[in-house]
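The values are calculated or read from the model by the stated rules, or taken from the named source; none is laboratory data. Predicted, not measured: the structure shown is a model, and the values here were computed from it. Glycine also receives a Cβ, built like all others from the backbone with ideal geometry; neighbour counts cover every protein chain displayed.
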Amino acid sequence: MELKDIKAVYFIGAGGIGMSAIARYFINRGLVVAGYHKTPSALTSQLEKEGMIIHYEENVDEIPHACRDPKSCLVVYTPAIPAEHQELCYFRDRNFTIEKRAQVLGTLTRTHKGLCFAGTHGKTTTSTMCAHIMHQSHLDCNAFLGGISKNYGTNYILSDQSDFVVIEADEFDRSFHWLRPWMTVITATDPDHLDIYGTKEAYLESFRHYTELIQPGGALIIHTNLEMKPNVGPDVRMYTYSRDEGDFHAENVRIVKGEIIFDFVSPLGNIANVQLGQPIPINVENGVAAMAMAQLNGCTPEEIKYGMETYHGVERRFDFKVRNQHHVLLSDYGHHPKEIMTSARSLRELYPDRKLTVIFQPHLYTRTRDFYLDFAKALSMFDEVILTEIYPAREQPIPGVTSQLIYDNLRPGIEKQMIKKDDVLKFVKSRDFDVLEILGAGNLDDYVPQITRLIEEKEK
């Protein structure tokens with residue numbers, strides 16, 4: 001189905017962060033946009049206010065009339081939806097065009113210059129940072145992001161003039177193979193989603209194949225420290241990056257009164273005295289990748305510096321809720337051992353003399369089974385670890401796989417507890433904390449507003 005033929009779009013799994021960005025794209029184009037989501041949320045409520053029709057029970061009778069014509073209605077679904085879902089079956093049996101989110105994004109990379117960001121971790125922050133640089137530059141951009149930009153309060157940027165579209169490329173279920181990037185960053189290839197891929201080798205092969213999809217004349221910007229070996233076409237330029245080495249890197253990194261400033265080293269021309277608007281150590285490296293992409297596509301040094309200085313971050317990505325000399329509270333989506341280790345190191349660098357406590361909700365039984373030793377090692381970088389039960393998401397329990405596996409392998413002597421997720425608020429209320437991080441990709445983050453109030457009350 002061509003974009004010009006679409007009159008209505010129906011989303012199955014409408015309230016996912018990535019799905020909602022595409023929904024907003026079609027809402028802004030003036031189409032009828034509707035869908036199903038399992039549970040109401042702040043995001044689905046906002047989508048309804050913007051014009052989307054959403055229901056929360058699996059019921060084909062709730063599908064709007066405008067979404068019942070297979071010639072004019074595109075159906076978009078998330079891979080997390082089971083194959084036997086009633087509404088998905090309804091559309092499949094009537095020969096509707098049914099596409100994954102990534103297929104829709106793939107279509108957009110064929111009609112726009114796709115600036116894609118892939119990797120096990122770091123892609124949400126890096127893509128959002130690049131989108132902000134581009135959006136406030138003379139180039140502008142469209143963007144489909146994997147998190148809520150704190151600059152814009154949304155995961156979607158629309159431009160009527162720009163030919164660029166910034167996309168977070170998701171490796172889950174090999175979805176990024178639908179994309180045809182003009183240029184792409186690959187931040188990391190640490191094995192994940194082994195419930196889908198089976199082996200590390202298959203996971204790395206998936207990224208290798210992704211590099212083959214870059215369009216002729218485009219470019220790959222790849223982290224220096226990756227096990228995966230790319231296989232780009234003969235007309236694709238390849239650059240390396242990291243914090244300290246590569247074609248693009250940082251030099252002269254310094255912390256001045258709580259601000260982080262560095263010099264950007266680039267084969268296209270260095271940029272001195274870049275200041276991070278979100279002064280977090282890991283954002284030096286993320287910033288190098290984002291600046292490289294922006295510079296390769298024509299952003300000026302002044303636009304790049306301004307974009308970096310005015311970048312405010314992404315919700316649930318090293319997201320500070322309280323930050324003063326008495327208490328620090330932050331929320332982070334990190335759910336892979338490497339992400340947790342990076343978060344702990346950044347906190348240790350920012351607060352070398354303060355006690356670091358983490359409340360971690362493991363995400364998925366399979367990920368816990370595959371990486372519990374790595375989780376334990378990463379979490380052991382904190383001074384105190386509080387573990388809740390596993391958030392199952394799409395999975396059924398696996399015998400013998402619980403948070404206890406992580407708990408039992410934490411370093412000797414560390415302060416540690418296991419509590420129920422439902423007891424977290426009571427636990428926070430009963431304790432005082434120096435630096436507290438709420439960590440994980442599950443639903444523990446739902447408590448963050450209440451935890452924030454509890455921490456603030458301790459300062460009165």
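Which of the numbered conditions does Val328 fail, given that it passes all the others? Conditions: (1) of a type in the set (A, V, I, L, M, F, W, C); (2) surrounded by 17 or more Cβ atoms within 10 Å (Cβ to Cβ); (3) in the same structural domain as Asp140 (by TED's automatic domain parsing); (4) more than 21 Å from the chain's Cα centre (by Cα).
Of the numbered conditions (1) of a type in the set (A, V, I, L, M, F, W, C); (2) surrounded by 17 or more Cβ atoms within 10 Å (Cβ to Cβ); (3) in the same structural domain as Asp140 (by TED's automatic domain parsing); (4) more than 21 Å from the chain's Cα centre (by Cα), the odd one out for Val328 is (3).
For region 351-373, which positions are out of contact with any Asp or Glu (no Cβ under 6 Å at 6 or more places or on another chain), within 21 Å of Arg317 (Cα to Cα) and surrounded by fewer than 18 Cβ atoms within 10 Å (Cβ to Cβ)?
Across region 351-373, the qualifying residues are Tyr351, Pro352.
Take region 266-282 and flag every residue that is assigned to a strand (DSSP E or B) and surrounded by fewer than 19 Cβ atoms within 10 Å (Cβ to Cβ).
Ala272, Asn273, Gln275 - these are the residues of region 266-282 that are assigned to a strand (DSSP E or B) and surrounded by fewer than 19 Cβ atoms within 10 Å (Cβ to Cβ).
Is one or more of the residues making up region 299-309 surrounded by fewer than 21 Cβ atoms within 10 Å (Cβ to Cβ), within 26 Å of Ile406 (Cβ to Cβ) and among the charged types (D, E, K, R)?
Checked region 299-309: no residue is surrounded by fewer than 21 Cβ atoms within 10 Å (Cβ to Cβ), within 26 Å of Ile406 (Cβ to Cβ) and among the charged types (D, E, K, R).
Is it true that Lys229 is closer than 22 Å to Glu245 by Cα and of a type in the set (Lys, Arg)?
So Lys229 passes the test.
Take Ala393 and tell me if it is in contact (Cβ under 8 Å) with a residue 40 or more places away in the chain, within 30 Å of Gly269 (Cα to Cα) and in contact with a strand residue (DSSP E or B) (Cβ under 9 Å, 6 or more places away or on another chain).
No: the conditions fail for Ala393.
So for region 345-364 (the condition being of a type in the set (A, V, I, L, M) and either in the same structural domain as Ile255 (by TED's automatic domain parsing) or touching a Phe, Trp or Tyr at 6+ places or on another chain (Cβ under 7 Å) (or both)), does at least one residue qualify?
Within region 345-364 (the criterion being of a type in the set (A, V, I, L, M) and either in the same structural domain as Ile255 (by TED's automatic domain parsing) or touching a Phe, Trp or Tyr at 6+ places or on another chain (Cβ under 7 Å) (or both)), the answer is yes, since at least one residue qualifies.
Within region 204-226, which residues are touching a residue at least 24 places away in the same chain (Cβ under 8 Å) and either among the basic types (Lys, Arg) or in a helix (DSSP H, G or I) (or both)?
The answer is Leu204, Ser206, Phe207, His209, Tyr210, Thr211.
Take the residues of region 88-125 that are modelled with pLDDT of 95 or more and part of a helix (DSSP H, G or I): which is surrounded by the fewest Cβ atoms within 10 Å (Cβ to Cβ)?
Asp93
Restrict the check to region 395-415 and report whether at least one residue is in a strand (DSSP E or B) and closer than 18 Å to Tyr333 by Cβ.
There is no residue in region 395-415 that is in a strand (DSSP E or B) and closer than 18 Å to Tyr333 by Cβ.
What strands (runs of 3 or more DSSP E), lying completely within region 32-86, carry at least 2 residues that are touching a Ser or Thr at 6+ places or on another chain (Cβ under 8 Å) and either touching a residue at least 40 places away in the same chain (Cβ under 8 Å) or surrounded by 13 or more Cβ atoms within 10 Å (Cβ to Cβ) (or both)?
By residue number, 73-77.
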